[in-house]
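Peer 1: I'd like to ask some things about the structure below.
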Amino acid sequence: MQHVDYHHLDHVKEQQKSKKTLWITLILTLFFTIVEIVGGLLSNSLALLSDSAHMISDVVALALSMAAIYMATRKPTKKYTFGFLRFEIIASFLNGLALAVIALGIAFEGVNRMIHPQDVDLQLMLTIASIGLIVNIVLTIVLSRSTKEEDNLNVKSALWHFIGDLLSSVGVIVSAVLISFTGYSLFDPLISMVIGGIIFMGGVKIIRESLAVLMESVPEQFDLDQIRADLASVEGVYDVHELHLWAVSTDHYSLTAHVFVRENIQPYCVILGINHLLKTKYSIEHSTIQIEHPMILDHGEYGKQFLLQQA
């Protein structure tokens, strides 16, 4: 039996609400994707086909999100000591990348259709787009509620896919109405390109957020200077350095720090005080604090300057 001693924090993420939401969304999306592909091919509508291409990416995105949620429930191992929480961020990054690539593809095909216009079946295009609008409204509301209950970048990336779908459905309906009144099929690729631009912005947003986690940057909601000042205010602490704070995944944070403490104070009490502060004020439950003194452990010029100041 493998011995795992990560008892302070489970490094797992049980997300029953997100799991149920994604299953419902995946089944409905898969069904409507098939309907839209067939409808797009029969009506010869680029707007409808661009929406169906986006729906295919939704199926892949949801499948990735589901895999990430199940991976996040796995316990840490000797090799993966943080568990598999980071897979959530990798899936989000891939979803964001898919959004951006699809948007560029839509833009490319839109330009091609503007150069070489094609007739579209307005009635079929409008019918399928109307059904898609209803489906996407329902799925967007379901995912939006889920993100409010459980913080999950994965579900947020899936939500952006469906916001794009919702806009696509609206765009297809608008383009169908405009074409029927004006007779200009140019509106079909033009509106598709506008939709592609909105989808691209959503993809970039998700990529930026997931990259920030993958690069182990300090999460936006934390002020590292303020945390450093708060740690320095704990009784017995002289100095705080080598302070690092990062997110393993959404709402799972880790902090490490080295602190100089007074010789006449019990180091366990210092660690207790620091952990209490981090948990109560910042909701950081996983921290590693190293107690040091520059006279015992060499800190180079930094240690020398600290000792001079103390003298």
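The values are calculated or read from the model by the stated rules, or taken from the named source; none is laboratory data. Bear in mind the structure is a predicted one, so any value in this text is a computation, not a measurement. FYI the Cβ positions are ideal-geometry reconstructions off the backbone, even for glycines, and counts take in every protein chain you see. Calculation scope for accessible area: heavy atoms of the full protein, side chains included, ligands and nucleic acids excluded. Shrake-Rupley method; radii C 1.70, N 1.55, O 1.52, S 1.80 Å.
Peer 1: Figure the gain on full extension for Lys279 and Arg262 (residue separation times 0.36 nm, minus the Cα-Cα span) and round it to one decimal in nm. Show your work: numbers first, answer last.
Peer 2: Working: separation 17, 0.36 × 17 = 6.12 nm, distance 2.32 nm.
This chain segment gains 3.8 nm when fully extended.
Peer 1: Give the calculated FRET efficiency between Trp23 and Ile115 to the nearest 0.05, with a Förster radius of 45 Å applied to their Cβ-Cβ distance. Before the final figure, lay out the partial values.
Peer 2: On the way: r = 43 Å, r/R0 = 0.95.
About 0.60, to the nearest 0.05.
Peer 1: Next up: With unit charges on the beta carbon (Lys/Arg positive, Asp/Glu negative), name the residue among Val135, Ile34, Ala158 whose Cα is farthest towards the positive pole of the charge dipole of segment 18-215.
Peer 2: Toward the positive end, the furthest listed residue is Ala158.
Peer 1: So if I place +1 on the C-beta of Lys and Arg and -1 on the C-beta of Asp and Glu, and nothing else carries charge, what would the dipole magnitude of segment 228-267 be about its Cα centre? I want it in debye, nearest 20. Provide the component values of the computation, followed by the final result.
Peer 2: Details: 2 positive and 6 negative charges, 6 e Å.
That gives segment 228-267 a dipole magnitude of about 20 debye.
Peer 1: Got a sec? Which residues in segment 213-249 would a label at Ile296 touch, if it sits 7 Å along Cα→Cβ and we count backbone N under 20 Å?
Peer 2: 232, 234-243
Peer 1: Can you sort Val170, Val259 by 1.4 Å-probe accessible area, starting with the largest?
Peer 2: Values: Val170 65, Val259 0 Å².
Result of the area sort, largest leading: Val170, Val259.
Peer 1: Residue by residue, what Karplus-based ³J(HN,Hα) values in Hz, rounded to whole numbers, does segment 266-281 have, using 6.51, -1.76 and 1.60 with θ = phi - 60° and x for Gly and Pro?
Peer 2: 5, x, 4, 5, 5, 4, 4, x, 5, 4, 5, 4, 5, 6, 6, 8
Peer 1: Among Val60, Ser249, Leu85, which residue has its Cα positioned farthest towards the positive end of the charge dipole of the chain, with +1 placed on the Cβ of Lys and Arg, -1 on the Cβ of Asp and Glu, and the dipole taken about the Cα centre?
Peer 2: Val60
Peer 1: Suppose every K and R has +1 on its Cβ and every D and E has -1 on its Cβ; what is the size of the dipole of the chain about the Cα centre, in Debye to the nearest 20?
Peer 2: Details: 20 positive and 30 negative charges, 117 e Å.
The dipole of the chain has a size of about 560 debye.
Peer 1: Check Thr250: other-chain or 5+ apart residues with amide H under 5 Å from its amide H, H built from backbone geometry?
Peer 2: Leu153
Peer 1: Quick one: which of 216-229, 196-209 comes out on top by average Cβ neighbours within 10 Å, and what's the full order, highest first? Mind showing how you got there, number by number?
Peer 2: Numbers: 216-229: 13.1, 196-209: 19.2.
Descending mean neighbour count gives 196-209, 216-229.
Peer 1: Sticking with this structure for a sec: Candidates [x] -0.68, -0.80, -0.95, -1.14; [y] -0.59, -0.75, -0.91, -1.08; [z] -0.41, -0.63, -0.92, -1.29; which is the computed log10 I(q)/I(0) by the Debye sum over Cα atoms at q = 0.09, 0.11, 0.13, 0.15 Å⁻¹?
Peer 2: Answer label, from the structure shown: [y].
Peer 1: How big is the charge dipole of segment 224-310 about its Cα centre, in debye rounded to the nearest 20, if each Lys and Arg gets +1 on its Cβ and each Asp and Glu gets -1 on its Cβ? Don't skip to the answer; put the middle values down first.
Peer 2: Numbers: 5 positive and 11 negative charges, 30 e Å.
It comes to approximately 140 debye.
Peer 1: Next up: Compute the relative contact order of the chain as a whole-number percentage, counting only Cα pairs closer than 8 Å that sit 6 or more residues apart in sequence.
Peer 2: Numbers: 467 pairs, mean separation 56.7, N = 311.
Relative CO of the chain lands at 18 percent.
Peer 1: Between Lys75 and Arg208, take the C-beta separation as r, use R0 = 35 Å, and let me know the FRET efficiency to the nearest 0.05.
Peer 2: Numbers: r = 31 Å, r/R0 = 0.88.
Once the sixth-power term is evaluated, E becomes 0.70.
Peer 1: So how much slack lies between His241 and Ser180, counting 0.36 nm per residue of separation and subtracting their Cα-Cα distance, in nm?
Peer 2: On the way: separation 61, 0.36 × 61 = 21.96 nm, distance 6.74 nm.
Answer, rounded to one decimal: 15.2 nm.
Peer 1: Return the sequence-ordered ³J(HN,Hα) values of segment 71-88 in whole Hz as given by the Karplus equation 6.51 cos²θ - 1.76 cosθ + 1.60 applied to θ = phi - 60°, using x for Gly and Pro.
Peer 2: Working through the residues one at a time gives 5, 5, 7, 6, 6, x, 10, 5, 8, 9, 6, 8, x, 10, 5, 5, 4, 4 Hz.
Peer 1: Report, to the nearest 10°, how far helix 153-182 tilts away from the longest principal axis of the Cα atoms in the chain, using its own Cα long axis and a range of 0 to 90°.
Peer 2: 20 degrees
Peer 1: How would you order 85-95, 128-138, 232-242 from highest to lowest mean count of nearby Cβ atoms within 10 Å?
Peer 2: Numbers: 85-95: 23.6, 128-138: 19.2, 232-242: 15.9.
With the highest mean Cβ count within 10 Å placed first, the list reads 85-95, 128-138, 232-242.
Peer 1: Contour minus end-to-end for Cys269 and Lys304, with contour as 0.36 nm per residue of separation and end-to-end as the Cα-Cα distance?
Peer 2: On the way: separation 35, 0.36 × 35 = 12.60 nm, distance 2.61 nm.
Full extension of this stretch gives 10.0 nm more.
Peer 1: Given the peptides 59-66, 112-119, arrange them by the average over their residues of other C-beta atoms within 10 Å, most packed first. Could the numbers behind the result be given before it?
Peer 2: On the way: 59-66: 21.6, 112-119: 12.6.
Taking the mean over residues of other Cβ atoms within 10 Å, the ranking is 59-66, 112-119.
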